[in-house]
Amino acid sequence: MAKNISRCSFCGRTEAQVEFFITGIDGVQICNECALQAAEIVKENTVAVNRHAAFDRTQVPKPAEIKEFLDQYVIGQDEAKKHLSVAVYNHYKRLMQAHADDEVEIEKSNIIMVGSTGTGKTLLARTIARKLHVPFTIVDATVLTEAGYVGEDIESILTRLLQVADYNVEEAERGIVFIDEIDKIARKSDNPSITRDVSGEGVQQGLLKLLEGSVVNVPPQGGRKHPEQKMIPVNTQNILFICGGAFDGIEKKIASRLNTRVVGYSAITDGEQIDKNNLLQYIAPQDLKAFGLIPEIVGRMPVLTYLEPLDRTALRRILTEPKNSIIKQYVKLFKMDDIDLVFNHDVLDYIVDKAIEFKLGARGLRSIAETIMMDKMYETPSKKVKKVVITLPYAQSKLEKANANRLKSA
C-alpha cells in the first residue's frame, strides 16, 4: 500500500523537493519557496497601495528639508538647490490639489538649469531622486531625434518614466523627468526651417507637447523596434520637467547683451559692477533663445537658474565632505579588504590643483584620483598590509607617468 506523500498545498511539490514545509490548520502546508513568493507579492501590493494613496501634507518634505538633504551630497550651488526644492515641493502640492475641488488650478513650473560641465547638474538630479516619493527618471537629450529618423523618438522619454513606475500610467503621470544635455538639441542654424534639423529644432518642436501638457501615445517598449505593440496614452499635464545643460559659449551671448544694454556715461559704473568671471549669474531667457532654443521651449520652462563655477575651495570640499565623496569611496573600498587608507593633505590639494588646470570641474577630480590610485588598487589586495598612505611624491609620480604615456601614444 502506497504511503501518503506530503505535498505543498500551493505548488504541489513534495517534501523531498523543497527545504521545509510550514504547516497550518487542517493539514494545509506551504513550502519555503512558495512562502517567499507570497511575501514578495504582499510587499509589492503594499508598496502599490501606499503609492496610490493621496499625499499626506505631513509627509511631504518642505523646501528647506529638501535643500538640507541636497546639502549632504552636493557642495555649494545654493541658488540652484533653492529653485529645485521649491519646484519639487510645489509639484507635490499640485498633486495634492488633484484630489480637491478648487477653482484655482496650480500650473507646473518646468525648470532649466544652466552650468558648465562638472558643476553638479546631473548630481543634483540624482540626489533629489532619492528624496522623492514619485517616479523619477533621467534621460539624455543627445540621443533624441525627430520621429522617422535614426535615434530615439521624443516619446521614449515617457517610456523611461513608465518603466520606473512599473507601467502604472496613473503613477507615471505624476512623476518628474530630468532631461540632461538639453543644450545639445539647440537649433543648428539661425535661419529656421531652411533644412531639416532633425536632432535640433525638430526635437524641440516634439518636446513642446510634453512640456505643455497633453495626452501622448507612448510605446511601452521603445520606438520603432516593436511596431506591433499597443500604445499607452499618458497625460503629461502633471509631469514636472527639469532640464539641464552646459550651454558652452553662452557667456558670449550674455556679455553681448549686457554691453548693448549699457550706453553712455553709466557704461563705466555699470561695467565695473559686472562679474566677468561668472557671467552665468546674469543669464536671461533671451540668452537661451540666442543660443538656439526656440522661443516656445523657453516659454514652457519659466524657472531659469544657474550653477556657480566651482572654485578651488568648493573643489577641495567636494573631494572630502559629501556623504559619498570620492575619498570616502576609496577609503571604504580598501576597508572592505581590512586595509586603512590615508591621504596626506598635500595630496588632496594636488588633486584639486590638477582638476583646475585641466578645467574638468568636479568630474575631473575622480579621473585624477583614479590615475593616482590604480596601481595601489591593483597591488594592495594581494599583499598582507594593514595600512596604505598616499604621499605627494607618489601621487605626482603616478600622474606624471600617466601623462608621459599619453604623450607617447599621441
Order these peptides, 353-360, 204-211, by their mean beta-carbon neighbour count within 10 angstrom, highest first. 204-211, 353-360
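What's the local net charge at Ile283, with K and R +1, D and E -1, over the other residues with C-beta under 10 Å away? Don't jump to the answer; show the numbers that get you there.
Details: positive: Lys253, Arg257; negative: Glu251, Asp287.
For residues surrounding Ile283, the net value is 0.
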Flagged as over-length at 22 Å C-alpha distance, from Lys81/Lys354; Lys67/Lys131; Lys81/Lys335; Lys328/Lys386; Lys43/Lys332, the pairs are Lys81/Lys354; Lys81/Lys335; Lys43/Lys332
hull vol. (C-alpha, convex hull) per residue for segment 289-375, Å³ -> 150 Å³
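Since every read-out is calculated from the coordinates, none of them should be taken as a lab result. This one's a predicted model, so the numbers in the text were calculated from it and none came from an experiment. For neighbour counting, all protein chains shown are included, and Cβ atoms are generated from backbone atoms with ideal geometry for every residue, glycine included.
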